[in-house]
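To start, the structure under review is shown below, and the notes come after it.
Nothing in this text is a laboratory measurement; each read-out follows from the coordinates by a stated rule. Quantities reported herein were computed from a predicted structural model and do not represent experimental measurements. Don't worry about glycine lacking a Cβ; one is built from the backbone with ideal geometry, like all the others, and counts go over all protein chains shown.
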Amino acid sequence: MKSKERVHASLNRKNPDRVPVWMWYHPETVEIMSKELEIPAKYVSLAMEDDIRQTWVANNYAMEGIVHQYDGESHTDAWGIRWVKVGPFNQIAHYPLAEATDEEISGYTFPYNRIPELLQNMIPVIALKETYFIGCDVSPCLFELLCRLRNMQNAILDFLINPGLTDRLLEKSTDFAVTISQEAVNRFELDCLWTGDDVGGQQAMILDPDMWRSRVKPHLKKIIEVGKTRGLWIAFHSCGAIRPIIPDLIEIGVNLLNPVQANCPGMDPLDLKREFGKDLSFMGGVDTQDLLPNGTATEVRKETEKLIDGMMAGGGGYILAASHAIPPETPIENIYALYEPAGISKEKILDNAADIRKKIKYGQKDGLLYGD
C-alpha cells in the first residue's frame, strides 16, 4: 500500500497492510537520528517510513516552522507575537495584546493579507499528494491563540471576568481560521484539515469543560465545517487531560484525536478506544515521559505491540504516534524498538537510509520528502 492508501484504510476501519505511522520528534532527536542514519535531518521521517506529510499555515508556523540557529535570535510574526529561540524551541517574548485596552483589542486585526504567503508553506508538501496522506494544520485555532495574544493568565481571567472581550477575540479568531481553511481546501487537494488548541493540563482541563462547551465549542464547529463540507478527515490536537470534551469533539465532527497523552487522567488509549472507537480514530498514545526515555528496548517493543493490537482491534482506527515529541534522551535502540511492532525493522530503516544516501550522491531528485 502507498502511505495515502494505508492511512485512509485505517481511518475507514479497514485492515491496512500495517499500522500507519506518524511521529513527532524533538528537534535534537531529529539531529541524533540524522547522525545515526547519516542522512540530512529533513529525510529522517522518510527513512522511518512515516505515512503523513503536513505543515503549518497558521500561527504554529511562527512557533515551529521558523527555525533560528542561536539562542536569543528572534522574530515577530504576522500576529504581532515576538518569538525568541530558547534552547531548541521558540518561546513567546512579547504578547501583543497583554496590556491592550478593550478598545485596542476590538480594533486588533488578524493578518488576512498574509494568508497567500502562509499558504505557500503547503506547496512542497502538496507535491507529494499521490503517495502520502496530506494534512494542512490551521492550529492553534481559538483558546490557545488567545493565550498567545493576551498571555495565558489574562486569557483565562478574561473568560471569567470579561466575557465580552473574550467573545470578540474568539469571533475574530474563528473568522480568520475559517478563511484560511477555506483558502486551503479550495487551493489544495488535502486528505485532512488539522485543527487544535492545547486546552488540557497534566491533571485536568485548563478551562472548565462547561465553559469550553458554551464559549469555544460553537466556534470550533464552524472551523471544522470547512473541512467536513469537502469530505476531509478532521484532526484535533490537544495535549493533556481532555477526556470530558471528547464526546463534544465527536459531536461537532472531529474524527481523529491527537496526541492521546496516555499518562494523564482519563486518557488511557485502550480505554478511549473501547469507549469511543466506533466514532473516533486516534493518533498517539506512546508514552514519551517515562517509557521511551527510561524503559528498555524490550519494554518499548512489548508496550507498543500491546498498544497497536488494542488500538487496531476491529480493523483500523489508529495511527501509531507518540504522545508528545520524542525526547533526545531516548536511547536510539528504543526508537528502533518503537517502530518494530509496526513492521518497520531496524534493518529496513537502515536500508532506507542507505537508499537515500545513494540518491543524494547521484543527484536523483525524485521527490524524496518535500518535492526535492
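Local charge for Gly135 was computed over the other residues whose Cβ lies under 10 Å away, with Lys and Arg +1 and Asp and Glu -1, and equals -1. A straight line joining the Cα centroids of the stretch 329-345 and the stretch 1-38 runs 12 Å.
If r is the Cβ-Cβ distance from Lys302 to Phe89 and R0 is 45 Å, what FRET efficiency results, to the nearest 0.05?
Working from the Cβ atoms, E equals 0.90.
Restriction of the GluC sites (Glu not before Pro) in the stretch 325-359 to DSSP coil positions whose beta-carbon has at most 13 other beta-carbons within 10 angstrom yields Glu329. Summary of packing: across the peptides 191-203, 260-272, the per-residue average of other C-beta atoms within 10 Å ranks them, highest first, as 191-203, 260-272. Scalar couplings 3J(HN,Hα) for the stretch 223-230, obtained by applying the Karplus form with A = 6.51, B = -1.76, C = 1.60 to θ = phi - 60°, are 5, 4, 4, 4, x, 4, 5, 9 Hz; x denotes Gly and Pro.
Spatially, the stretch 212-235 and the stretch 268-320 are offset by 26 Å when compared through their Cα centroids.
At full extension, Lys14 and Gln182 could sit 57.5 nm farther apart than now, given 0.36 nm per residue minus the alpha carbon distance. Near Tyr95: Cβ cut-off under 10 Å, other residues only, Lys/Arg at +1 and Asp/Glu at -1. The net charge is +2.
Using a Förster radius of 25 Å, what is the FRET efficiency between Tyr112 and Glu64 based on their Cβ-Cβ separation? Nearest 0.05, please. Here the calculated transfer efficiency is 0.70. Taking the Cα atoms only, what angle lies between the long axis of helix 297-311 and the longest principal axis of the chain, rounded to 10 degrees? Between helix and principal axis, roughly 70 degrees.
Placing unit charges on the Cβ atoms of the charged side chains and taking the dipole of the stretch 121-240 about its Cα centre, the candidate lying farthest along the positive direction among Met122, Ser139, Ala177 is Ala177.
Listed peptides 312-321, 65-74, 292-301, 158-167 appear in the order 312-321, 292-301, 158-167, 65-74 once ranked by packing, highest mean of other Cβ atoms within 10 Å at the front.
Of the residues Ile223, Asn334, His324, the one whose Cα sits farthest towards the positive end of the charge dipole of the chain is Ile223 (charges of +1 on Lys and Arg Cβ, -1 on Asp and Glu Cβ, taken about the Cα centre). So what's the angle, to the nearest 10 degrees on a 0 to 90 scale, between helix 27-37 and the longest Cα principal axis of the chain? That helix lies at roughly 10 degrees to the long axis. Taking Cα atoms only, the orientation of helix 346-361 departs from the longest principal axis of the chain by about 80 degrees.
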